[in-house]
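Below: one structure, written as structure tokens.
The values are calculated or read from the model by the stated rules, or taken from the named source; none is laboratory data. This structure is a prediction, so every number in the text was calculated from the model and none was measured. Glycine also receives a Cβ, built like all others from the backbone with ideal geometry; neighbour counts cover every protein chain displayed. When the accessible area is computed, the model is the full protein with side chains, heavy atoms only, and any ligands, DNA or RNA have been set aside. Shrake-Rupley method; radii C 1.70, N 1.55, O 1.52, S 1.80 Å.
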Amino acid sequence: MTIENPVKRLLMTVTQGVYVVGVGDDGLQNAFTASSVMQVSIQPPMLALAVNPGNASYPLLVESGVFAVTVLRQDQCALADFFGNRSARDENKLRTVPWHAAPSGAPILEEGLSYLDCRVVSKHPAGDHVMILAEITGGDFLHSHATHSHTRPLRYDQVGDMDGSDELLPDHLGIPGADTP
Ligand SMILES: Cc1cc2nc3c(=O)[nH]c(=O)nc-3n(C[C@H](O)[C@H](O)[C@H](O)COP(=O)(O)O)c2cc1C
């Protein structure tokens, strides 16, 4: 797949993973694909997640104050596509995929590589997303696979333009209308 947008090509050099974030605790649960996830603190272990507040998952995440990040394997592009291009507004995505609840109650995909259970600490506006800071309260590998290539984590640069950001990103950086001297 050819990426046309030069800003998208540039941003793809920033290494990110591709995850499925499970939200909600008892009763109402959902999950969505996210690439904007990073570890931000060592002591205590903390993680940052950027969420589009327009996602059906957002109110569930904020109300429950917990989420669980399933790390996808390199052969799980189809799962990233499924959870990232469909919405709980139209269907129950968790109905067709095996999952169980993390200790927090948030859903974990059973076929993933590993998971991190998280508790929200604070929220910060971040452009068209909201940056969620969370403490990592638990986590583990989901299978005792040997280190084959398919057990490596899926990377954002491996999924092409699955999220459609090629078209959404500006085609140049800087202040609109301002010329570089
Ligand atoms: C590869 C990929 C990465 C994505 N990364 C994010 C992300 O970091 N944050 C986010 O809010 N949405 C992200 N999305 C979009 C959501 O997964 C998508 O809007 C999803 O349909 C929301 O589901 P929901 O409405 O059921 O919550 C990504 C989608 C894809 C395909």
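Okay, here's what the table says:
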item: Percent accessible area from carbon and sulfur atoms, the range 6-164, protein chains only, probe 1.4 Å; result: 53
item: Structure-based [θ]222 nm, the chain - -39500 (n - 2.57) summed over DSSP H runs of at least 4, per residue, nearest 500; result: -3500 deg cm²/dmol
item: Solvent-accessible surface (1.4 angstrom probe) belonging to ARG152, in square angstrom, nearest 10; result: 130
item: Cα gyration tensor shape of the range 6-164, rounded if a/c is under 1.5, else prolate or oblate by comparing a/b with b/c; result: rounded
item: Dipole of the chain, positive direction: furthest Cα of PHE141, PRO98, ILE108, with charges on the beta-carbon; result: PHE141
item: Sequence of ASP140, ASP157 from largest to smallest accessible area, 1.4 Å probe; result: ASP140, ASP157
item: Solvent exposure of the range 59-151 as accessible area per residue, Å², 1.4 Å probe; result: 53
item: Relative contact order (percent, whole number), the chain, Cα cutoff 8 Å, 6+ residue spacing; result: 29
item: Heavy-atom accessible area ranking, 1.4 Å probe, most first, across ARG9, ARG155; result: ARG9, ARG155
